[in-house]
Amino acid sequence: EKLTEFCVKHDYVLLWKYSDKNYVYHGVDRMIEIHERLQINEPFVNFETRDKHHSELPFGAVVYAPQKEVDRYVEEYDDSLVFFAWTDDCFDVSLKAVSKLTGLEQLLKKIDLQMDECIAFGDGANDVEMLEKAGISVAMKECHPSLLDICDYHTDDCLEDGIAKGLLYYQLIDEIRR
C-alpha cells in the first residue's frame, strides 16, 4: 500500500508482479513507451483499480523513479523493501527478508541438496546474492553488468535457449530439444 501510494502521489510507474501476469498500478502509458523503447515483450495488464493485492500477494515489483526518490522512499516511508537497480531509474523491488537466495535455500532444503550441488541462472542485480552462493552460476545474455565478474559462465537469452545452453555446457543435459 505504501509503495503504491508513493508512486501514485509522485507519478512514478509501478508494476506489481503476480503469478499470472504483471499488473501496472500506475503509469501504463509510460510503461508502454518503456517497453517499446527497450523492446520488452513481457505482457502486462493496466490495472487502475489497484486492488489485485487484496486477493493475492505479489512476489515483486518494478518501479521507474529517480534513485534519489527511491532512497527517500526507503528513508521516510518503508525500510522493509530493497530496490535493485537495472538502470538509473528502473528498480526491481522485494522485501528485505525475502530474496532469490532465501527461496533457493528453502528449495534445496526440501530436496535435500547442498548449495554447492546446484546451478543458478540470473540476469539482474537481484540475483547477485544467489549467484555468489550457488555451486555454479550462469549469467544470462542481457545481464546486469555486476554479474559478469561473479558468474562462472555467460549464456544466451532465455528466448534463445540460454538455460538449455548453460545446462549443455555443464553437461547436465545431452542435447537441446525443441
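Here are several values of P(r) over Cα pairs in 10 Å bins from 0, in percent: [x] 9, 32, 35, 20, 5, 0; [y] 9, 37, 39, 14, 1; [z] 10, 34, 30, 18, 7, 1. Which one was derived from the coordinates shown?
Of the listed options [x] 9, 32, 35, 20, 5, 0; [y] 9, 37, 39, 14, 1; [z] 10, 34, 30, 18, 7, 1, [x] comes from this structure.
Counting Lys and Arg as +1 and Asp and Glu as -1, each charge on the Cβ, what is the dipole of the range 63-153 about the Cα centre in debye, to the nearest 20? Numbers along the way, then the final one.
Numbers: 8 positive and 20 negative charges, 58 e Å.
It comes to approximately 280 debye.
For the range 36-91, state which GluC sites (Glu not before Pro) are in a DSSP loop and have at most 16 other beta carbons lying within 10 Å of their beta carbon. Each step should come with its number before you reach the end.
Values: sites: E36, E48, E56, E69, E75, E76; in loops: E48, E56.
Within the range 36-91, the qualifying GluC sites (Glu not before Pro) (loop, at most 16 other Cβ atoms within 10 Å) are E48, E56.
Here are some pairs, K2/K109; K52/K165; K68/K133; K52/K96; K9/K52; which of them have Cα atoms lying more than 28 Å apart in this structure?
Working: K2/K109 33 Å; K52/K165 36 Å; K68/K133 30 Å; K52/K96 22 Å; K9/K52 19 Å.
In this structure, K2/K109; K52/K165; K68/K133 exceed 28 Å between Cα atoms.
By how many degrees, 0 to 90 and rounded to 10, does the Cα axis of helix 28-38 deviate from the longest principal axis of the chain?
Roughly 40 degrees, rounded to the nearest 10.
Under a GNM of the chain (C-alpha, springs under 10 Å), which listed residue has the highest mean-square fluctuation: C151, C118, C90?
Greatest mean-square fluctuation among the candidates belongs to C118.
If you average the C-alpha positions of the range 6-81 and of the range 100-178 separately, how far apart do those two centres end up, in angstrom?
Spelled out, the Cα-based centre of one part sits 26 Å from the other.
Just to confirm the number: angle between the C-alpha axis of helix 100-110 and the first principal axis of the chain, 0 to 90 degrees, nearest 10?
For helix 100-110, the angle is close to 50 degrees.
So what does T49 come to for accessible area, using a 1.4 Å probe and Å² rounded to 10?
Accessible area of T49: about 100 Å².
So if I take the alpha carbon set of the range 1-82, get Rg, then get Rh from the Kirkwood formula, what is the Rg over Rh ratio?
Details: Rg = 12.5 Å, Rh = 13.2 Å.
Taking Rg over the Kirkwood Rh, I get 0.95.
The values are calculated or read from the model by the stated rules, or taken from the named source; none is laboratory data. Bear in mind that the values here come from a model prediction, so they are computed numbers and not experimental data. When we count neighbours, we look across all protein chains shown, and the Cβ atoms used for this are built from the backbone with ideal geometry, even at glycine. We work out accessible area using only protein heavy atoms, side chains counted, and drop any ligands, DNA or RNA first. Shrake-Rupley method; radii C 1.70, N 1.55, O 1.52, S 1.80 Å.
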